[in-house]
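Enquirer: What follows is a single structure, and I will ask about it in a moment.
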Amino acid sequence: MGDEITRDFRGETIIFVGVLKGAAIFLSDLARRVELDATFDFIGVSSYGNRPSPSQELLSGWDSTGEVRLTKDVDQSMRDRNVIMVEDILDTGLTMTYLRKIIQAHQPRALKIAALLDKPSRRKQAIEADYVGFKIPDEFVVGYGLDYAERYRNLPDICVIPRN
Ligand code: 5GP
């Protein structure tokens with residue numbers, strides 16, 4: 001993925017916008033594989049409303065409601081910048097659809113999405129990442145930045161939590 005981004009933006013500067021907190025580890029590894037003049041920013045979201053508890057989530061599958069709330073905005077204008085949004089996992093697509101709108105409003109020169117993982121079978125919004133690490137089935141995964149009730153982010157591998 002780093003090579004692809006390097007090729008696509010050769011001769012230009014880029015800004016990685018990581019989605020907190022899950023994408024932090026992925027961003028730090030990805031950025032080190034991109035041979036471009038790059039800077040970082042971060043954006044934070046949390047779902048609210050009737051999000052299920054972690055244990056329900058595990059049983060019934062993640063089901064964000066679309067009520068996404070911004071907890072941290074980017075620190076600078078993205079106007080005329082080449083922006084690569086870095087996300088841990090693209091699931092229903094609700095979070096990324098919301099965040100893409102926010103960044104789009106800055107009028108960037110280019111806006112791309114890099115997702116470590118993609119669960120296409122769960123999509124509710126028609127949104128695709130431009131760069132995808134791995135397509136995975138509908139399983140609940142943790143590790144390498146991904147959490148279960150804030151735990152397991154520091155596992156070095158991506159692991160499936162069994163639903164039963
Ligand atoms: P979406 O809005 O696309 O449904 O959800 C995106 C967010 O849901 C991700 O950034 C991530 O925080 C969370 N998410 C979705 N699937 C999983 C999963 O399998 N494991 C974990 N830990 N989080 C997930």
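Enquirer: Considering the chain as a Gaussian network with a 10 Å cut-off on Cα pairs, which listed residue, 88, 29, 147, attains the greatest mean-square fluctuation?
Expert: Comparing 88, 29, 147 in the GNM, the peak value goes to 29.
Enquirer: Something else: For the cross-link pairs 72/101; 72/112; 72/135, which exceed 18 Å when the distance is taken from alpha carbon to alpha carbon?
Expert: Long pairs (Cα-Cα over 18 Å): 72/112; 72/135.
Enquirer: In terms of the ratio Rg/(2.2 N^0.38 Å) built on C-alpha atoms, what value belongs to region 67-164?
Expert: Relative to the 2.2 N^0.38 Å estimate, region 67-164 comes out at 1.16.
Enquirer: A further question on this structure: Once neighbouring chains are kept in place and the probe is 1.4 Å, which whole percent of the accessible area of the chain is contributed by carbon and sulfur?
Expert: 48
Enquirer: For the pair residue 75 and residue 139, what calculated FRET efficiency results from E = 1/(1 + (r/R0)^6), where r is the Cβ-Cβ distance and R0 = 30 Å, to the nearest 0.05?
Expert: With R0 = 30 Å, the Cβ-Cβ based efficiency is 0.30.
Enquirer: Separate question: Return one whole number: the accessible area per residue of the chain in Å², for a 1.4 Å probe.
Expert: With the other protein chains kept in place, the chain gives 53 Å² per residue.
Enquirer: Once Rh is set to the Kirkwood radius over Cα pairs, what Stokes-Einstein translational diffusion coefficient, in µm²/s, holds for the chain at a temperature of 4 °C and a viscosity of 1.567 mPa s?
Expert: 80
The values are calculated or read from the model by the stated rules, or taken from the named source; none is laboratory data. Just so we're clear, the structure is a prediction, and the values are computed from it rather than from any experiment. Every residue, glycine among them, receives a Cβ derived from its backbone with ideal geometry; neighbour counts consider all protein chains shown. The protein model used for the area step is the full one, side chains on, heavy atoms only, and it has no ligands, DNA or RNA in it. Shrake-Rupley method; radii C 1.70, N 1.55, O 1.52, S 1.80 Å.
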